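*Asks:* To start, I am sharing the structure in question, which I have written as structure tokens.
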Amino acid sequence: MTQSKRALVTGVTGQDGAYLSQFLLNKGYEVHGLLRRSASAEVVDARLKWLGVAADIVLHDGNLTDLSGLLRILEAVQPAEVYNLAAQSFVKSSWQQPLLTGAVTGLGAANMLEAIRIACPQTCYYQASSSEMFGLVQEPRQSEKTPFYPRSPYAAAKLYAHWMTVNYRESFGLHASSGILFNHESPLRGIEFVTRKITDGVARIKLGLENKLVLGNLDVKRDWGHARDYVEAMWLMLQQDVPDDYVVATGRTVSVREFCELAFAQVGLNMNDYVVTDPRYMRPAEVDVLLGDPGKAKERLGWVAKTSLEELVAEMVDADLKRLKTQQHL
Ligand code: NDP
Ligand code: GDP
């Protein structure tokens, strides 16, 4: 009997952690997850429960900021693959908590790379890099060759983690790859992010629970894909003989306003009757437009985004309607 491959996923309770765990379990992996201690332990695995995989994952108490804990877990698990998805991932909060964001999102990745270098240097490593690193974009379509220009403490921390990944690959020969992922969403997206805030708001308005939706800058544009598609790209990167960095995107960019129009149209309403803007949701520095060039991922990994924006919006609105009707919380 062949032994199943073992993977360790940090950020396992987040959006991508849940979809990636489901994907790896379907491939026959033994999936281990890093779980940070919470006083609300009963809700922390809500996304894993939503996908029906919570009981199939081996959870380990730990924190990305605690190198000794990471070392102990790696020594015990000896994973073939580590997916480092854990982060303080909300850009807006990173201006309120810049040092924490640096410690978790930046140094946390260095902790994991260091732990791998010491405990299991043969392990393949995936770093969750971000299109936010392009920030004030230097080219109209951003590829692996586009220079970075981070515009937030989050993006600066991600850039440090990104270069540490490249550095450990080049210095110590680790099989370390970075996925520069553009925004990806799903019904499991955190409620503070604009897409989920919109689909939840649309569902509430449709059900008569709210009468308006308060947003910030409606003109910014993002290249939005589906998280379920994007976790496959992460896995494909670790199956390559040679580690490398890849942009993962759809190649289409639309504004927050257009996303709103689609979401309201999904329930037969017009956004102009409900959306208001408030400077409270504006940012000290904005990333006006992101548009990825996923050519390398297509050519080398055979990966393309499968879900259209229209399908994504429909799935998210439907899930939020269902959740509110059945009083489930996520
Ligand atoms: P989420 O915010 O949904 O998940 C973040 C995860 O990190 C959660 O499981 C959280 O745990 C965990 N975490 C936070 N701090 C720590 C810590 N100190 N130690 C251990 N775990 C911690 O993010 P996503 O799933 O959306 O994103 C996954 C990764 O990809 C992140 O690194 C994100 O920055 C990056 N990324 C995401 C993009 C996107 O569009 N979604 C785009 C590009 C990059 P808890 O549940 O306890 O809060
Ligand atoms: P980000 O791209 O990782 O920062 O993801 P977000 O979903 O948080 O934000 C995407 C874009 O939507 C940013 O440019 C925000 O300024 C913009 N935006 C407009 N209104 C809102 C809002 O009410 N909440 C959030 N989170 N973003 C908003």
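*Asks:* Is it true that residue 99 is open to solvent by 20 Å² or more (accessible area, probe 1.4 Å) and more than 9 Å from ligand 1 (Cβ to nearest atom)?
*Replies:* So residue 99 fits the description; yes.
*Asks:* Quick check on residue 160: is it in contact with a strand residue (DSSP E or B) (Cβ under 6 Å, 6 or more places away or on another chain), of a type in the set (Phe, Trp, Tyr) and either under 25 Å from residue 251 (Cβ atoms) or in contact (Cβ under 8 Å) with a residue 12 or more places away in the chain (or both)?
*Replies:* It is false that residue 160 is in contact with a strand residue (DSSP E or B) (Cβ under 6 Å, 6 or more places away or on another chain), of a type in the set (Phe, Trp, Tyr) and either under 25 Å from residue 251 (Cβ atoms) or in contact (Cβ under 8 Å) with a residue 12 or more places away in the chain (or both).
*Asks:* Among the listed residues 83, 154, which satisfies the condition of being open to solvent by less than 40 Å² (accessible area, probe 1.4 Å) and within 12 Å of ligand 2 (Cβ to nearest atom)?
*Replies:* 154
*Asks:* Scanning the range 205-231 for residues that are charged (D, E, K, R) and open to solvent by 50 Å² or more (accessible area, probe 1.4 Å), which turns out farthest from residue 280 (Cα to Cα)?
*Replies:* Ranking the qualifying residues of the range 205-231, first place goes to 228.
*Asks:* Okay, moving on. When residues of the range 23-56 are filtered for being over 13 Å from residue 12 (Cβ atoms) and β-branched (Val, Ile, Thr), how many remain?
*Replies:* Of the residues in the range 23-56, 1 are over 13 Å from residue 12 (Cβ atoms) and β-branched (Val, Ile, Thr).
*Asks:* For the range 21-45, which positions are surrounded by 16 or more Cβ atoms within 10 Å (Cβ to Cβ) and more than 9 Å from ligand 1 (Cβ to nearest atom)?
*Replies:* 21, 22, 23, 24, 25, 29, 30, 31, 32 - these are the residues of the range 21-45 that are surrounded by 16 or more Cβ atoms within 10 Å (Cβ to Cβ) and more than 9 Å from ligand 1 (Cβ to nearest atom).
*Asks:* Any chance you could count how many residues in the range 66-87 are among the polar types (S, T, N, Q) and either at pLDDT below 95 or over 19 Å from the mean Cα position of the chain (by Cα) (or both)?
*Replies:* The total comes to 2.
*Asks:* OK, next. Within the range 260-273, does at least one residue satisfy the condition of being within 22 Å of residue 81 (Cβ to Cβ), out of contact with any Gly (no Cβ under 9 Å at 6 or more places or on another chain), away from ligand 2 (no atom under 14 Å from the Cβ) and outside the structural domain of residue 18 (by TED's automatic domain parsing)?
*Replies:* No, that holds for no residue.
*Asks:* Restrict the check to the range 267-287 and report whether at least one residue is within 15 Å of ligand 1 (Cβ to nearest atom), touching a strand residue (DSSP E or B) at 6+ places or on another chain (Cβ under 6 Å) and open to solvent by less than 80 Å² (accessible area, probe 1.4 Å).
*Replies:* Among the residues of the range 267-287, not one is within 15 Å of ligand 1 (Cβ to nearest atom), touching a strand residue (DSSP E or B) at 6+ places or on another chain (Cβ under 6 Å) and open to solvent by less than 80 Å² (accessible area, probe 1.4 Å), which makes the answer no.
*Asks:* Kindly evaluate residue 198 against the criterion of being surrounded by 23 or more Cβ atoms within 10 Å (Cβ to Cβ), over 22 Å from residue 135 (Cβ atoms), of a type in the set (A, V, I, L, M) and within 16 Å of ligand 2 (Cβ to nearest atom).
*Replies:* Against the criterion (surrounded by 23 or more Cβ atoms within 10 Å (Cβ to Cβ), over 22 Å from residue 135 (Cβ atoms), of a type in the set (A, V, I, L, M) and within 16 Å of ligand 2 (Cβ to nearest atom)), residue 198 qualifies.
*Asks:* Continuing with this model, one more query. Among 152, 89, 93, 129, which is closer than 27 Å to residue 215 by Cα and in contact with a strand residue (DSSP E or B) (Cβ under 8 Å, 6 or more places away or on another chain)?
*Replies:* Being closer than 27 Å to residue 215 by Cα and in contact with a strand residue (DSSP E or B) (Cβ under 8 Å, 6 or more places away or on another chain) holds for just one of 152, 89, 93, 129, which is 129.
*Asks:* Cβ-Cβ under 6 Å, sequence separation 6+ or interchain: first residue in the range 59-74 and outside the structural domain of residue 41 (by TED's automatic domain parsing) and closer than 16 Å to residue 17 by Cβ, partner assigned to a helix (DSSP H, G or I) and open to solvent by 60 Å² or more (accessible area, probe 1.4 Å). Which pairs?
*Replies:* none
*Asks:* Tell me, please, whether a residue that is over 24 Å from residue 319 (Cβ atoms), assigned by TED's automatic domain parsing to the domain that holds residue 129 and not hydroxyl-bearing (Ser, Thr, Tyr) can be found in the range 44-55.
*Replies:* no
*Asks:* Can you find even one residue in the range 141-149 that is of a type in the set (S, T, N, Q), in contact with a Cys (Cβ under 8 Å, 6 or more places away or on another chain) and more than 10 Å from ligand 1 (Cβ to nearest atom)?
*Replies:* no
*Asks:* Could you identify the single residue in 262, 291, 301 that is open to solvent by less than 80 Å² (accessible area, probe 1.4 Å) and touching a Phe, Trp or Tyr at 6+ places or on another chain (Cβ under 7 Å)?
*Replies:* 301
*Asks:* Which condition breaks for residue 273 when tested against (1) over 17 Å from the mean Cα position of the chain (by Cα); (2) under 20 Å from residue 183 (Cβ atoms)?
*Replies:* It fails just one condition, (2).
*Asks:* Being of a type in the set (D, E, K, R) and touching a strand residue (DSSP E or B) at 6+ places or on another chain (Cβ under 6 Å): is that true of residue 114 here?
*Replies:* In short, no.
*Asks:* Is there any pair with a first residue in the range 228-254 that is without any contact (Cβ under 8 Å) to a residue 40 or more places away in the chain and a second that is surrounded by fewer than 23 Cβ atoms within 10 Å (Cβ to Cβ) whose Cβ atoms are under 6 Å apart and which are 6 or more apart or on different chains, and what are they?
*Replies:* Filtered contacts from the range 228-254: 253/221; 253/291.
The values are calculated or read from the model by the stated rules, or taken from the named source; none is laboratory data. Note that this is a predicted model, so its numbers are computed, not measured. Cβ sites come from the backbone with ideal geometry, for glycine too, and all protein chains shown count toward neighbours. For accessibility, only protein heavy atoms count, side chains too; no ligands or nucleic acids. Shrake-Rupley method; radii C 1.70, N 1.55, O 1.52, S 1.80 Å.
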